[in-house]
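The values are calculated or read from the model by the stated rules, or taken from the named source; none is laboratory data. This is a predicted model, so every value here is computed, not measured. When we count neighbours, we look across all protein chains shown, and the Cβ atoms used for this are built from the backbone with ideal geometry, even at glycine.
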Amino acid sequence: MHLSFLLSVFVFSCIFIFIIIVVVAGYKIIKKIGEGTFSEVVKTQSLKDGKFYACKTMKQTINSLEQANNLREVQAMKRLSPHANIIQLHELIFDKETGTVSLICELMEMNIYEYIQGRKTPLPDQTVKHYMYQLCKSLEHMHSCGIFHRDVKPENILIKQNVLKLGDFGSCRSVYSKPPHTEYISTRWYRAPECLLTDGYYSLKMDIWSAGCVFFEIMSLNPLFPGGNELDQVAKIHDVLGTPDQSLLQKFKQSRAMHFNFPPKKGTGISRLIPNCPAPALSLLYQMLAYDQDERITAETALSALDQKQTFNIS
């Protein structure tokens, strides 16, 4: 009884301290939006101007304001801002007492996953094209600024009316950093072959693969490669795209300590999964999902394809 009472007091104190921090810092918590492994996001209202913002609070504590400003995510957001398709950082709040860092960002309506979840009918083709153009615009800007995202997925792509913005830069990396990089970074379903089959020898082209997976998902309302584990993920890719030729596999093998081998397999192809997908959209999908990252198109080239006059006529 005594222990449970103390625990209750402790929990209440923690919640109380957190609320006080936000209010003192000039923001009132409205409701929780979401939670991940490394952070929690709540909707807040500024006591100064009455506007609503998203407040992302890191679970990891740090020692100083300088350290907070040097966080990779903070540095990236400052470097990439302002841009029409990148989430804007409004303010950074650091609490000395608790070592808590909160990022006050612009508030969007929902993410792409929430937008398409439960839909029975495909999105209008112009909506798909408009969203993909904005996503590629955000990646083109990031890559030209020397940063790649490393975790492009529907949950990290936010929308408000017709505007799309890329968010969550906690996994981003400099394009000039030399491999090997961290192996397990992007969410499995959106992980490029070079992330699965090498010991961290990947580049900014992994973002294009992930964006290609998102492109398919927006069109079909279903994930393209929903692997249950890493081995199943590779199998799902091969089921659709087929196994790559031996020269490419050999290139992957040189960058991985663990041995692997895949029997030759012809994939079913993407068109079988979206029977009504028109040629321009299908062509772009294949270019974004090229197995070899050296053959995969850039965000800039994808933008050119999306800028063409023809519609996709997906539905």
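Examine the stretch 242-253 for a residue that is in a loop (DSSP other than H, G, I, E, B), loosely packed, with under 12 Cβ neighbours inside 10 Å and in the same structural domain as Y133 (by TED's automatic domain parsing), and state whether such a residue exists. For the stretch 242-253, residues in a loop (DSSP other than H, G, I, E, B), loosely packed, with under 12 Cβ neighbours inside 10 Å and in the same structural domain as Y133 (by TED's automatic domain parsing): present. Within the stretch 47-55, identify whether any single residue is outside any helix (DSSP H, G or I), under 19 Å from G170 (Cα atoms), among the aliphatic types (A, V, I, L, M) and at pLDDT below 95, and answer yes or no. No, the stretch 47-55 contains no residue that is outside any helix (DSSP H, G or I), under 19 Å from G170 (Cα atoms), among the aliphatic types (A, V, I, L, M) and at pLDDT below 95. All conditions but one from (1) in contact (Cβ under 8 Å) with a residue 40 or more places away in the chain; (2) not in a helix (DSSP H, G or I) apply to P275; the one that does not is (1). Can you pull out the residues in the stretch 121-144 that are over 19 Å from the mean Cα position of the chain (by Cα) and touching a residue at least 40 places away in the same chain (Cβ under 8 Å)? Across the stretch 121-144, the qualifying residues are T121, P122, L123, P124, D125, Q126. Does G34 satisfy the condition of being farther than 18 Å from I93 by Cβ, at pLDDT 80 or above and in contact with a strand residue (DSSP E or B) (Cβ under 8 Å, 6 or more places away or on another chain)? Answer is yes for this residue.
In the condition set (1) out of contact with any helix residue (DSSP H, G or I) (no Cβ under 8 Å at 6 or more places or on another chain); (2) in a loop (DSSP other than H, G, I, E, B); (3) touching a residue at least 24 places away in the same chain (Cβ under 8 Å), G227 is compliant with all but (1). Check V175, V214, V163 and return the single one that is within 15 Å of L135 (Cβ to Cβ), in contact with a helix residue (DSSP H, G or I) (Cβ under 9 Å, 6 or more places away or on another chain), surrounded by fewer than 16 Cβ atoms within 10 Å (Cβ to Cβ) and of a type outside the set (D, E). The conditions single out V163. Does at least one position in the stretch 195-216 carry a residue that is among the basic types (K, R), over 23 Å from Y286 (Cβ atoms) and not assigned by TED's automatic domain parsing to the domain that holds Y53? No, the conditions are met nowhere in the stretch 195-216. Out of F260, F216, one residue alone is out of contact with any Phe, Trp or Tyr (no Cβ under 6 Å at 6 or more places or on another chain) and at pLDDT below 90. It is F260. Of all residues in the stretch 100-115, none satisfies being at pLDDT below 95, of a type in the set (A, V, I, L, M, F, W, C) and assigned to a loop (DSSP other than H, G, I, E, B). Scanning the stretch 63-82 for residues that are outside any helix (DSSP H, G or I) and either surrounded by fewer than 16 Cβ atoms within 10 Å (Cβ to Cβ) or of a type in the set (F, W, Y) (or both) yields N63, S64, N70, S81, P82.
Please determine whether any residue of the stretch 269-284 is charged (D, E, K, R) and farther than 20 Å from L139 by Cα. Yes, the stretch 269-284 contains at least one residue that is charged (D, E, K, R) and farther than 20 Å from L139 by Cα. Checked across the stretch 278-292, the condition of being more than 22 Å from the chain's Cα centre (by Cα), free of Cβ contacts under 8 Å to residues at least 12 places away in the same chain, at negative phi and in a loop (DSSP other than H, G, I, E, B) holds for no residue.
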